[in-house]
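Contents: one structure, followed by commentary.
Just so it is clear, none of the values below were taken in a lab; they were calculated from the coordinates. Quick caveat: nothing in here was measured; it's all calculated off a predicted structure. Note: ideal-geometry Cβ built from the backbone for every residue, glycine included; neighbour counts use all protein chains shown.
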Amino acid sequence: MGRWKGLLWSLAGASAAIVAGSFAKRKYEETVLEIGHQFRTGQIVARGGGYQCERCGYVLALAANKKLPPCPKCSHSRYLKIS
Ligand SMILES: [Zn+2]
């Protein structure tokens, strides 16, 4: 019985660590990489990466410190950072 209890606790600990790890990773992506943040045409982006047009889904690969142009495909002005 005691052995099983210990196993259960270590399983619980392991899954808690996994959850905490993925949460920390998501937090890192959100705050440092700005993934999921919204950007507008004319904004200078601090970080390079993939910016996806909210309207047509076009993915623009932009380098750091560049100005976001209007969407090359549909000239929309709002993007979501995806990578
Ligand atoms: Zn577009």
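Look at (1) in a loop (DSSP other than H, G, I, E, B); (2) loosely packed, with under 11 Cβ neighbours inside 10 Å; (3) of a type in the set (A, V, I, L, M, F, W, C) and you find that LEU8 fails only one, number (1).
Anything in region 36-68 that is touching a Ser or Thr at 6+ places or on another chain (Cβ under 7 Å) and either assigned to a loop (DSSP other than H, G, I, E, B) or closer than 13 Å to ARG78 by Cβ (or both)? List them, or say none.
Residues of region 36-68 that are touching a Ser or Thr at 6+ places or on another chain (Cβ under 7 Å), as a first pass: 40-41, 49-50, 68.
If the condition is that a residue be touching a Ser or Thr at 6+ places or on another chain (Cβ under 7 Å) and either assigned to a loop (DSSP other than H, G, I, E, B) or closer than 13 Å to ARG78 by Cβ (or both), then ARG40, THR41, LEU68 are the ones that fit.
Does CYS71 qualify as being free of Cβ contacts under 8 Å to residues at least 40 places away in the same chain and either surrounded by 14 or more Cβ atoms within 10 Å (Cβ to Cβ) or not in a loop (DSSP other than H, G, I, E, B) (or both)? It is true that CYS71 is free of Cβ contacts under 8 Å to residues at least 40 places away in the same chain and either surrounded by 14 or more Cβ atoms within 10 Å (Cβ to Cβ) or not in a loop (DSSP other than H, G, I, E, B) (or both).
Taking the criterion of being assigned to a helix (DSSP H, G or I) and in contact with a helix residue (DSSP H, G or I) (Cβ under 8 Å, 6 or more places away or on another chain), no residue of region 11-35 qualifies.
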